[in-house]
Amino acid sequence: MRMIYRLCWVVAYIVNVRLVHPRNLCDAIAEVHKVSSDADVIRSMASEAFHFCMFVEDIPRFVADIIKQEMLRGGGNAVIHDYSTSPDDGGVESVDVFLVGSFVQVNNMVIQLVSRSGVLAVVGLKIRSVLQVTERAGSSFYCCGKYRLELGKKTFIMGILNVTADSFSGDGLLADEQNVSFKEHTVGSSGEGRCVVDKDLLIDIACRKAEQMVACGADVIDVGGESTRPGFTVVDEREELDRVLGVVERLVKTLNVPISVDTSKSFVAENVLKAGAHIINDVNGLIRDPKICELAVTYGAGVIAMHNPDEPLQGDIFSCITKSLRKSVDAALKSGLKPENIALDPGIGFGKTLEQNLEVMRRLDELKCLGYPILLGTSRKSMIGKVLDLPVNERVEGTAATVALGIAKGVDFIRVHDVKEMYRVTKMSDAIIRNI
């Protein structure tokens, strides 16, 4: 009889087993706090609960050996990549190491590295900077001119304002597709025979469009005077400036949001910053024209550095992307820019195949290890058109899917054409992800 009773109790009793996936150490602390109020227990358990799978790439072999030794000693694990490179100039053999362990195991290994000297300490500090990203709690900011945008509270929407003739999306204000009746006139002796649009009318139309985007929820306006679509026509720096300068001058006076200019030319950057622009959005990652960083320092502006490779990506694309973006960050910091002035963009659609673009979308959260706000620009792009087999003017739903996924993966800014629709997607996503 007792045996039957026990069996019935086991059958009737509901055992609820669930998995927890903390995204960072703060999440892990919150989970442990649900069952304990002891600060020491919370910190200890959270440090064990939050795990890393981490690559440390291009380090000397002896450093990799010590990392593996310390990880094994602390109860974690590590494997040294089975390939290595030995430079022809007699340099030190370089390898990658893949390690797995809890926060506390990795942190203890880092303490051992940092306590030593030379390259061991340098590598240890690099790993520590990634650990610190997972520990951050409270507010941080992206600073651009007079604006300080608080990160983590919401996703910021950057509205695209193309003052171009050949934008891939067909929204360029100089394009025939816009069906705008500009009054044309002939330029004088400096540009004999060249017809241009009535600048005042163009500025009025551009500013009305920007005002509409802000009314629909845009937090930043990004003004561009040169298309960067595949096969785009290069625009002379003076013509590019001629397209955007008047628009920027008007917008900084009439709108109470940061004004960004999408340019890779320091000549254009200098003049729009003088006019009051707050951000330079460089699709060349601040590498090809280093003067842009110096100008941003001078004017207290923010910068956005995008990944835009010169050659097709080979191997692990996130290794390529993070290395390249770290070079952009180093260039910005060496010029005197502060960390809070820097944001990064993985460059969806730039130098990447469809498969690579989709992989970037799947792995967006890996960019958070860089420690800088991430901008995602997928709006109406060919990746969406290829997947859905739709023309550029029918990609709003595909864009919405990428925006929602990007927010779930931790991006801080989205750059979009369809502000009204993406504001709604963003607000709903933020309510779920950021608990707003």
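Taken together, the values in this text are just the output of simple stated rules run on the coordinates, not laboratory data. Keep in mind the model is a prediction, meaning the values are calculated, not measured. Here the Cβ is made from the backbone with ideal geometry for all residues, glycine too, and neighbour counts use every protein chain on show.
Extending each Cα 7 Å along its Cβ direction at Glu135 and Lys154, get the distance between those two points in nm, one decimal.
For Glu135 paired with Lys154, the spin-label model returns 3.1 nm.
Output the relative contact order of the stretch 194-346, whole-number percent, from Cα pairs under 8 angstrom with separation of 6+ residues.
18 percent
Which of the pairs Lys253/Lys291; Lys253/Lys368; Lys126/Lys153 have their Cα atoms more than 29 Å apart in this structure?
Where the Cα-Cα span goes over 29 Å, the pairs concerned are Lys253/Lys368.
Just check the stretch 25-135 against the gyration tensor rule for me: Cα atoms, a ≥ b ≥ c as the square roots of the eigenvalues, rounded for a/c under 1.5, and otherwise prolate or oblate depending on whether a/b exceeds b/c.
The shape class here is prolate.
For Lys274, list the aspartates and glutamates whose Cα falls under 19 Å from its own Cα; do not include residues on the same chain fewer than 8 positions away.
Here the aspartates and glutamates satisfying the reach criterion relative to Lys274 are Asp222, Glu237, Glu239, Glu240, Asp242, Glu249, Asp262, Asp282, Asp289, Glu294.
Given the rule -39500 (n - 2.57) for each run of at least 4 DSSP H residues, summed and divided by the residues of the chain, what is its mean residue ellipticity at 222 nm, to the nearest 500 deg cm²/dmol?
The helix contribution divided over the chain gives -13500 deg cm²/dmol.
Indicate the gyration tensor shape class of the stretch 140-433 (rounded, prolate or oblate), computed on the Cα atoms with a ≥ b ≥ c the square roots of the eigenvalues: a/c under 1.5 is rounded; otherwise a/b larger than b/c is prolate and the rest oblate.
rounded
So what's the angle, to the nearest 10 degrees on a 0 to 90 scale, between helix 419-433 and the longest Cα principal axis of the chain?
10 degrees
Relative to the longest principal Cα axis of the chain, at what angle does helix 317-335 sit, 0 to 90 degrees, rounded to 10?
70 degrees
Could you give the angle, 0 to 90 degrees to the nearest 10, between helix 103-114's Cα long axis and the longest principal axis of the Cα atoms of the chain?
Computed tilt is about 80 degrees.
Of all alpha-carbon pairs in the stretch 231-287, indicate the percentage at a distance above 16 angstrom.
Result: 39 percent of Cα pairs exceed 16 Å.
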